[in-house]
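Novice: Would you mind keeping the following structure in view while I ask a few things?
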Amino acid sequence: MSTDETGQGGTAGTPAGSAGSHSGSGRNLIQLITPEGERISHPEFDPWVKDIGDEQLCSLFEDLTVVRRIDVEATALQRQGELGLWPPLLGQEAAQTGSARALRSDDFVFSSYRENGVAYCRGVGLTDILRVWRGNAASGWDPYTVNMATPQIIIGAQTLHATGYAMGIQNDGADSVAVTYFGDGATSEGDVNEAMVFAASFQVPVVFFCSNNHWAISEPVRLQSHVQLADRAAGFGIPSLRVDGNDVLAVMAATRVALDRARHGGGPTFIEAVTYRMGPHTTADDPTRYRDANELEDWAAKDPIERIKTLLDRKGLFTDQFQQHVRDKADEVARELRAGCIGMPEPEPLDVFKHVYSSPNSWLDRQQDHYARYLASFGDPAEATSQEGAR
């Protein structure tokens, strides 16, 4: 079975090998590092990553490795009954890391539920990443401390939030950018299309970052779209870029192009990062029921971590000392993640009333009082006098 990287509008099995023009139907992917770990030149996009030297490449490899370790550890925690659910990102590390590391601290991110790698790069606490999935909180972190909204479970809704936020940036006269992440399946949702209509109409500074991982749960992308997803943006009057999503350097270059356009009044950009979801949609999914094993094998050869590892090895940078440093960092993160998850305090019953409204609300106060008295009827007067909750 050949791997369809382009959808039915392109050529099935087209290699992600040559970096080509970013315009036109059936276009090749923007690529700077081949699956074999060879750094190839691209005169249009090389200038956007000219500051990425050996030290920065090593740092990107560390990010990719740590992000994968977070994902593997969280999956293990779910299998061990410590998390209710987990959405794996295995195979999509480069798309998330390359784009996130291109952002400024004042840019604001609106993501789906799978962008845990973006959250790590934005500085979200490891324990905070897990709160929702353990069922201990309605959301994981304070968005304004890291300029990243908490994950959106409703497919595609975050694109509307990002476009609205970008309209606010425009009204404020600032040069920050709103960036929204979503998957290929979300492009079939009305919210995403409506967001692009508004973004194009008002030419707001927003980047639509689509991680095309080829599967909307069990439906292949070729069923949803008979053209490349990047080509859909032209119908809204939005320029697009189609990038090898397993090439961390190319993703960074493409994201920087889109951010620069937005900062200078050029309006929105749509990025299609062509990658692959190596694991299940969530830990409740069994991809072997709908996915050919040969397809998975094809994409394993394009692993985002292996290609940059090979590049570093070619440059003589993948030393024993560097490898040990990265292993130690990944182990440290995994330990902190596991300890934070298992040590997370259980929420109090009356905590359900917290953060429902931003200010006191008599209707909610009545409900809290009734619930407190109900709990007290079971013989625990402490529940009735608890000061936790909406008050």
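The values are calculated or read from the model by the stated rules, or taken from the named source; none is laboratory data. Not measured: the values here are computed from a predicted model. Note: ideal-geometry Cβ built from the backbone for every residue, glycine included; neighbour counts use all protein chains shown. Quick note on the areas: whole protein, heavy atoms, side chains included, nothing else; ligands and nucleic acids left out. Shrake-Rupley method; radii C 1.70, N 1.55, O 1.52, S 1.80 Å.
Novice: In region 137-175, what count of residues is obtained for those that are in a loop (DSSP other than H, G, I, E, B), of a type in the set (S, T, N, Q) and surrounded by fewer than 17 Cβ atoms within 10 Å (Cβ to Cβ)? Give the derivation first.
Specialist: As a first pass, look at region 137-175 and keep what is in a loop (DSSP other than H, G, I, E, B): 137-142, 147, 149-156, 173-175.
Adding the requirement that they be of a type in the set (S, T, N, Q) leaves 139, 147, 150, 152.
Subset that is surrounded by fewer than 17 Cβ atoms within 10 Å (Cβ to Cβ): 139.
So the count comes out to 1.
Novice: Please state which of the following conditions His226 fails to meet, knowing it meets all the rest: (1) surrounded by fewer than 20 Cβ atoms within 10 Å (Cβ to Cβ); (2) at pLDDT 95 or above; (3) out of contact with any Ser or Thr (no Cβ under 7 Å at 6 or more places or on another chain).
Specialist: It fails just one condition, (2).
Novice: Under 9 Å between Cβ atoms, which residue pairs at least 6 apart in sequence (or on different chains) link something in region 165-187 that is within 21 Å of Ser112 (Cβ to Cβ) and of a type in the set (D, E, K, R) with a partner that is part of a helix (DSSP H, G or I) and open to solvent by less than 10 Å² (accessible area, probe 1.4 Å)?
Specialist: Asp184/Leu229
Novice: Looking at (1) within 25 Å of Lys309 (Cβ to Cβ); (2) assigned to a helix (DSSP H, G or I), which is the only condition Leu89 fails?
Specialist: (2)
Novice: If you go through region 357-372 one residue at a time, do you hit one that is modelled with pLDDT of 90 or more, over 38 Å from the mean Cα position of the chain (by Cα), on the phi < 0 side of the Ramachandran plot and among the hydrophobic types (A, V, I, L, M, F, W, C)?
Specialist: Scanning region 357-372 turns up at least one residue that is modelled with pLDDT of 90 or more, over 38 Å from the mean Cα position of the chain (by Cα), on the phi < 0 side of the Ramachandran plot and among the hydrophobic types (A, V, I, L, M, F, W, C).
Novice: If a residue must be farther than 16 Å from Val66 by Cα, part of a helix (DSSP H, G or I) and either charged (D, E, K, R) or touching a His at 6+ places or on another chain (Cβ under 7 Å) (or both), how many such residues does region 289-306 contain? I'd like the intermediate steps shown before the answer.
Specialist: Initially, region 289-306 is screened for residues farther than 16 Å from Val66 by Cα, giving 289-302.
With the extra rule that they be part of a helix (DSSP H, G or I), the set shrinks to 289, 293-300.
Okay, now just the ones that are also either charged (D, E, K, R) or touching a His at 6+ places or on another chain (Cβ under 7 Å) (or both), so 289, 295, 297-298.
Residues meeting the conditions: 4.
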